[in-house]
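**Student:** Structure incoming, see below.
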Amino acid sequence: MSELHLSLDYELEERAERGASADMLCMSKRALKNISASVLNMTHLKSLYLEGNEISSLPERFFSNLSSLVWLDVRNNRLTGLPAAIGQHRCLKTLLLEGNPISALPPELGHVITLKALSLRKCPLMFPPQDVVGRGLPAILHYLRASQLGEEFPVVEKLRLSELDQCEEDEPEIRRFQELRRRMIQMERAELGSDGDGGTRTPSIRSCRTGSHHET
């Protein structure tokens, strides 16, 4: 194991010893190639930032271990897919996949009924097809669900409120997401108003603590 991973594991173990109440972990731009067992053991995590690493896959038990995860940022890695187990997750609200060589989303993703934001920019997706992706998140999720049922076109399904209620603690993290989204919308409108050519610019997530934007 490299010195980098040794130091990271020590850092995570030390943090765990201080208490597992911390719900956010930022490990962006650390040249990580995989996700260590130390991270998977932080079962109370709600926000995980892994942007700008060299991660090629997520462990099969990633989503089952991190069952409280609400925000996952894995932009600009080397992911080629997602574990099918993501379909069992009932808290994930924001999934940022931008800049990964993913050609297909797992059909199981369609069952993540809590998902509110999905970033797929610069992903060479073939499944779902681009015409579906261009219609936004609801169309993507419907398409994925329909693909499992063997249907040609996605169907509109009612969300089961009982499942949504499983994650309705109304944690401060969720309120923070909502506030950040509101601020980013205001920033985007301000930028659009100042652009003389009428072009659109999308604000990016600049750090682990500020800025959020979702688009497909």
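**Student:** What is the dipole size for the stretch 38-132, taken about its Cα centre, with +1 at each Lys and Arg Cβ and -1 at each Asp and Glu Cβ, in debye to the nearest 20?
**Tutor:** Working: 9 positive and 7 negative charges, 45 e Å.
Here the size comes out at about 220 debye.
**Student:** Going Cα to Cα from Lys93, which lysines come in below 16 Å? Please leave out same-chain ones fewer than 8 positions away.
**Tutor:** Lys46, Lys116
**Student:** Something else: Using packing as a proxy for protection, rank 56-64, 109-117 so that the peptide with the highest average count of other Cβ atoms within 10 Å comes first.
**Tutor:** Highest to lowest by the protection proxy: 109-117, 56-64.
**Student:** Still on this structure, I have one more. Could you give the length gained on full extension between Arg121 and Ser56, defined as 0.36 nm per residue of separation minus the Cα-Cα distance, in nm?
**Tutor:** Result: 21.6 nm gained on full extension.
No lab work stands behind these numbers, since they all come straight from the coordinates. Note that the structure is predicted; figures quoted are calculated from it, not measured. Cβ coordinates were reconstructed from backbone atoms using ideal geometry, including for glycine residues, and neighbour counts include every protein chain displayed.
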